[in-house]
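Notes for the one structure printed next.
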């Protein structure tokens, strides 16, 4: 196996694990009425602790160094943490109000918000492909939310709101940490970001009063998957694959995530989607592909 093939497989592996993570969240919400706030708090704190544990073992970066790096870095670290919190909280709230495939695909409108930032704030001149991408994304959201009938909302306004919160937040933490990621490694930044995002939620839920002590092995397995195989492992393998194949191919391969979410939710949870759902999701995925290809 050549190096490029290994990189592609690492990316497919990581995006597939992320896709399954949302399905595990849907399983916990539907069958055990798990509080999304509790789930996200536990996920973020434990995953962040594991990341920083790896950093401490490696010993290449001072543990509290980011907090002694000046105002610009600290401000970007806080913005990154808030973006991470909004992205993950919105994602799992949307799943609890709809289903994993719908939430995952709608959140993939994130590149459109980044594009709008470039057009409206940075005053970049739009290309025809970019404008077409915006139209396709809006068409996809319309079809998923209404099934083509503007008088009927198939997706609840609350679920749509949280997908938008997640997508905008993900755009925020993609745009903001320019200096932060130049000074510190991605696992280090992610570790602190995850912990801070989780700690913010502690006052809003009881860490030890979730009902998890009575969970069967399947629920414990789903939660463990979300934390380890749905967060820590895919992040590290994605970075490995990214270094091998580059950001453009990585962005294209990341479209496997919603496809895996659809596949596993339909096969294992019996989630039912109609034809217009698939058409709308296809519009959004094509948008991501178009906006990724333009970076070549």
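Of the set (1) under 21 Å from the mean Cα position of the chain (by Cα); (2) at pLDDT 90 or above, all apply to residue 279 but (1). Please indicate, with yes or no, whether at least one residue in the stretch 9-30 is out of contact with any helix residue (DSSP H, G or I) (no Cβ under 8 Å at 6 or more places or on another chain), assigned to a loop (DSSP other than H, G, I, E, B) and within 19 Å of residue 98 (Cβ to Cβ). Checked against the condition, which is being out of contact with any helix residue (DSSP H, G or I) (no Cβ under 8 Å at 6 or more places or on another chain), assigned to a loop (DSSP other than H, G, I, E, B) and within 19 Å of residue 98 (Cβ to Cβ), the stretch 9-30 yields no hits at all.
Yes or no: residue 119 assigned to a helix (DSSP H, G or I) and over 21 Å from residue 174 (Cα atoms)? Before you say what the answer is, go through the steps one by one.
On the way: assigned to a helix (DSSP H, G or I): yes; over 21 Å from residue 174 (Cα atoms): no.
The answer is no for residue 119.
Scanning the stretch 106-154 for residues that are without any contact (Cβ under 8 Å) to a residue 12 or more places away in the chain and in contact with a helix residue (DSSP H, G or I) (Cβ under 7 Å, 6 or more places away or on another chain) returns 124, 126, 152, 153, 154. Tell me, yes or no, whether the stretch 192-205 has at least one residue that is modelled with pLDDT under 85 and more than 19 Å from residue 262 (Cβ to Cβ). The answer is no, given that none of the residues of the stretch 192-205 is modelled with pLDDT under 85 and more than 19 Å from residue 262 (Cβ to Cβ). For the stretch 157-189, filtering for residues that are modelled with pLDDT of 90 or more and under 14 Å from the mean Cα position of the chain (by Cα) leaves 8.
Considering every residue within the stretch 173-192, establish whether at least one is over 18 Å from residue 84 (Cα atoms) and in contact (Cβ under 8 Å) with a residue 12 or more places away in the chain. Scanning the stretch 173-192, I find at least one residue that is over 18 Å from residue 84 (Cα atoms) and in contact (Cβ under 8 Å) with a residue 12 or more places away in the chain, so the answer is yes.
For every residue, the table says whether it meets (1) over 23 Å from residue 207 (Cβ atoms); (2) outside any helix (DSSP H, G or I); (3) in contact with a helix residue (DSSP H, G or I) (Cβ under 6 Å, 6 or more places away or on another chain).
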| position | (1), (2), (3) |
| --- | --- |
| 40 | no, no, yes |
| 47 | no, no, yes |
| 53 | no, no, no |
| 62 | yes, yes, no |
| 66 | yes, no, yes |
| 78 | no, no, no |
| 82 | no, no, no |
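For every residue, the table says whether it meets (1) closer than 17 Å to residue 56 by Cβ; (2) buried (at least 18 other Cβ atoms within 10 Å of the Cβ); (3) in contact with a strand residue (DSSP E or B) (Cβ under 8 Å, 6 or more places away or on another chain).
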residue: 192; (1), (2), (3): yes, yes, no
residue: 197; (1), (2), (3): no, yes, no
residue: 201; (1), (2), (3): no, yes, no
residue: 206; (1), (2), (3): no, no, no
residue: 213; (1), (2), (3): no, no, no
residue: 216; (1), (2), (3): no, no, no
residue: 221; (1), (2), (3): no, no, no
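Scanning the stretch 257-292 for residues that are in a loop (DSSP other than H, G, I, E, B) and crowded, with 16+ Cβ neighbours inside 10 Å returns 269, 271, 273.
Tell me, yes or no, whether the stretch 72-92 has at least one residue that is out of contact with any strand residue (DSSP E or B) (no Cβ under 6 Å at 6 or more places or on another chain) and without any contact (Cβ under 8 Å) to a residue 24 or more places away in the chain.
Yes, that holds for at least one residue.
Looking across the stretch 124-179, the residues that are surrounded by fewer than 18 Cβ atoms within 10 Å (Cβ to Cβ) and closer than 30 Å to residue 71 by Cα come down to 124, 164, 174, 175, 178, 179.
Being touching a helix residue (DSSP H, G or I) at 6+ places or on another chain (Cβ under 6 Å) and modelled with pLDDT of 90 or more is a property that does not hold for residue 252. Scanning the stretch 175-208 for residues that are outside any helix (DSSP H, G or I), within 17 Å of residue 46 (Cα to Cα) and in contact with a helix residue (DSSP H, G or I) (Cβ under 8 Å, 6 or more places away or on another chain) yields 205, 206, 207.
The values are calculated or read from the model by the stated rules, or taken from the named source; none is laboratory data. Fair warning: this is a prediction, and the values are worked out from it, not measured in the lab. Every residue, glycine among them, receives a Cβ derived from its backbone with ideal geometry; neighbour counts consider all protein chains shown.
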